[in-house]
Amino acid sequence: MKIFLLGYMGSGKSTLAKALSTQKKLPFIDLDHYIEQKEGQSVTEIFKKKGEIYFRKQEITYLNELLNSEKSFVLALGGGTPCYGTNMQNILKASKNVFYLKYQPQTLAERLEFQKQNRPLIAHLGNEELLDFVRKHLFDRNPYYSQATHIITMDNLSEEQALETILSLISD
């Protein structure tokens, strides 16, 4: 069984995927960390040294490696992963358990304000610019995110409620 969590940065994909992997007794994989292990450097370093295009190419390669494996897992995707190449189509072919953790832009901007230094795409933005950036990205990414098998509106859910909702929707 392969379970995928997608959504914008700061939406709690990794946190929920870890909890989900514990509940389902499946390995947890964070795609960004998987890439970091394979590349021997952090995502931030990859962006700085080799650029976003290089990163996205490697992301496609490593995602396909996981999709083509026989392993079961819970995978937290990078925020941009579904939007490049045929990633979203390939994810949907691999599993019916694809969950979009959807938040309103304002909520995401508030969640991201204190994480900016760890996020290469937004580290340089002020708080007002951040909200505009999130709005634009969500607008651009919505056609991809909305293809998920399940869309979970997260704004008013606790982590526990979100986990229960996802568990109730998983198909074996």
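The values are calculated or read from the model by the stated rules, or taken from the named source; none is laboratory data. Owing to the predicted nature of the structure, the values given are computational and were not obtained by experimental measurement. When we count neighbours, we look across all protein chains shown, and the Cβ atoms used for this are built from the backbone with ideal geometry, even at glycine.
Observations on the model:
- Flag if Tyr34 is in a helix (DSSP H, G or I), among the hydroxyl-bearing types (Ser, Thr, Tyr) and buried (at least 16 other Cβ atoms within 10 Å of the Cβ): yes
- The set of residues in the stretch 45-92 being farther than 23 Å from Leu16 by Cβ, in contact (Cβ under 8 Å) with a residue 12 or more places away in the chain and either assigned to a helix (DSSP H, G or I) or in contact with a strand residue (DSSP E or B) (Cβ under 8 Å, 6 or more places away or on another chain) (or both) consists of Ile46, Phe47, Lys48, Phe55, Arg56, Gln58, Ile60, Asn64.
- For the stretch 139-162, the set of residues classified as in contact with a Gly (Cβ under 8 Å, 6 or more places away or on another chain) and outside any helix (DSSP H, G or I) consists of Met154 only.
- Candidate set: the stretch 117-136, residues that are part of a loop (DSSP other than H, G, I, E, B) and of a type outside the set (A, V, I, L, M, F, W, C); chosen: the one modelled with the highest pLDDT: Gly126
- Subset of the stretch 1-19 [part of a helix (DSSP H, G or I) and more than 14 Å from the chain's Cα centre (by Cα)]: Ala19
- Residue satisfying condition, being on the phi < 0 side of the Ramachandran plot and over 17 Å from the mean Cα position of the chain (by Cα), within set Leu77, Leu125, Leu63: Leu125
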